Amino acid sequence: MIFVIFPAYDEERVIGPTLRALAGAVRGREDEFHAVLVDDGSSDRTIAEAEAAIAESGGRLPLTVLRHDRNRGLGAGLRTGIYWCLDHARDDDVIVTLDADNTHPPALIPELVRRLEGGYDLAIASRYRQGSAVRGVPGYRRALSDVGRLVFQGLCPIPGVRDYTCCFRAFRVPILRRARLAYGDALCSARGFEAVMDLLLRLRPLGVRVIEMGFELDYGSRAGQSKMNVLRTIRTTVGLLARRRLEHWGQDSPRRLRVRLAAAERAAAAPAPLGAAGTPAAR
């Protein structure tokens with residue numbers, strides 16, 4: 001099964017075309033895919049438009065809607081979607097994340113998933129690989145991504161990664177299970193757009209194996225304005241980078257994470273203690 005997560009906040013204008021594109025891309029293979037919409041406290045018709053798009057596409061693509069009662073930010077949206085998928089996935093399944101604004105082409109999902117076959121944990125659709133192209137993206141957004149790539153590659157390098165800020169990714173389930181055991185609710189805790197980078201940085205000390213493929217990012221198909229506050233994103237990203245770099249040499253060093261993971265795995269595998277009546281006691 002391939003789970004496809006769409007974190008969304010007030011995306012009524014674009015979620016319909018995005019889901020119709022996904023339904024079209026997987027037509028005839030709907031039983032292999034499951035769309036997961038995480039509505040992050042939207043005040044518009046995001047959910048209604050999503051459900052209508054699936055119905056108009058024939059209703060064969062499964063859609064699960066997860067709701068936040070208030071806006072909690074992109075990090076919480078990603079974590080809610082990922083953890084729901086982990087609760088329903090097998091170890092040989094794949095979890096895909098992408099933007100809900102119709103800028104990441106769902107038709108590329110099968111190829112992105114195929115790139116995992118070489119023993120990789122994560123495949124990233126990258127703007128910095130052969131065959132990539134960027135259209136319609138404001139100059140300041142491109143500059144922010146370009147500078148961010150150089151800073152992250154210099155301070156927090158991950159073998160195989162050039163694009164730290166693109167949310168279009170395919171994950172093998174086991175690497176995310178390990179991340180959940182290691183970090184719990186602290187996985188992907190950043191609120192803003194830096195959450196995309198945070199998720200990647202959390203996987204770094206786990207020894208994540210990454211491959212990238214080039215893709216065409218076209219903002220011309222996006223309706224409405226971006227919700228990114230550039231100055232705030234720069235400030236929070238710098239703070240995030242500083243914290244994660246310090247943690248990499250401290251509480252979240254690879255050695256300490258291995259110890260923590262081993263303890264968590266032993267606890268998860270241990271049988272539940274018996275209650276007074278000889279039945280497993282609640283934990």
Practice item. Order these peptides, 108-121, 67-80, by their mean beta-carbon neighbour count within 10 angstrom, highest first. Key: 67-80, 108-121
Review point. Ranked highest first by the average count of other Cβ atoms within 10 Å around their residues, in what order do 197-207, 124-134 fall?
Key: 197-207, 124-134
Revision key, fill the gap. Asserting the computed 222 nm helical MRE of the chain (DSSP H runs at least 4 long, -39500 (n - 2.57) per run, divided by residue count, to nearest 500) equals -13000 deg cm²/dmol
Exercise for review: Beta carbons within 10 angstrom, averaged per residue: use that to sort the peptides 15-28, 52-65, highest first.
Suggested key: 15-28, 52-65
**Study point:** Solvent-free Debye scattering, log10 I(q)/I(0), computed from the Cα coordinates of the stretch 1-127 at q = 0.13, 0.18, 0.20 Å⁻¹
**Key:** -0.48, -0.95, -1.18
Point to revise | Evaluated over the stretch 108-168, the Cα radius of gyration and Dmax, each in Å | key: 12.6, 36
Exercise for review: Taking H placed 1.01 Å from N in the peptide plane, check which residues at least 5 places from residue 45 or on another chain put their amide H under 5 Å from its amide H.
Suggested key: 12
Check your understanding: Given a 1.4 Å probe and the protein chains all in place, what does the accessible area of residue 85 round to, in Å² to the nearest 10?
Key -> 0 Å²
Revision key, fill the gap. Computed over the stretch 111-222, protein heavy atoms only, probe 1.4 angstrom, the accessible area per residue in square angstrom equals 41 Å²
Exercise for review: Just need the relative contact order of the chain here, percent rounded to a whole number, with Cα pairs under 8 Å and 6+ apart.
Suggested key: 20 percent
Practice item. Would you mind checking which residues have amide H under 5 Å from residue 33's amide H? H placed 1.01 Å from N; only 5 or more apart, or other chain. Key: 2
Exercise for review: Enumerate the amide H contacts of residue 212 below 5 Å, restricted to partners 5 or more residues apart or on another chain; note that Pro and chain-start residues carry no placed amide H.
Suggested key: 124
Point to revise | Computed over the chain, Cα set: Rg, Dmax in Å | key: 19.2, 67
Practice item. Round to the nearest 10 and report in Å² the accessible area of residue 210, as given by a 1.4 Å probe over the protein chains' heavy atoms. Key: 10 Å²
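The values are calculated or read from the model by the stated rules, or taken from the named source; none is laboratory data. The structure presented is a predicted model; accordingly, all values stated were derived computationally and were not measured. No Cβ is skipped: glycine too gets one built from the backbone with ideal geometry, and neighbour counts run over all protein chains shown. Heads up: the accessible areas ignore ligands, DNA and RNA and are worked out on the full protein's heavy atoms, side chains in. Shrake-Rupley method; radii C 1.70, N 1.55, O 1.52, S 1.80 Å.
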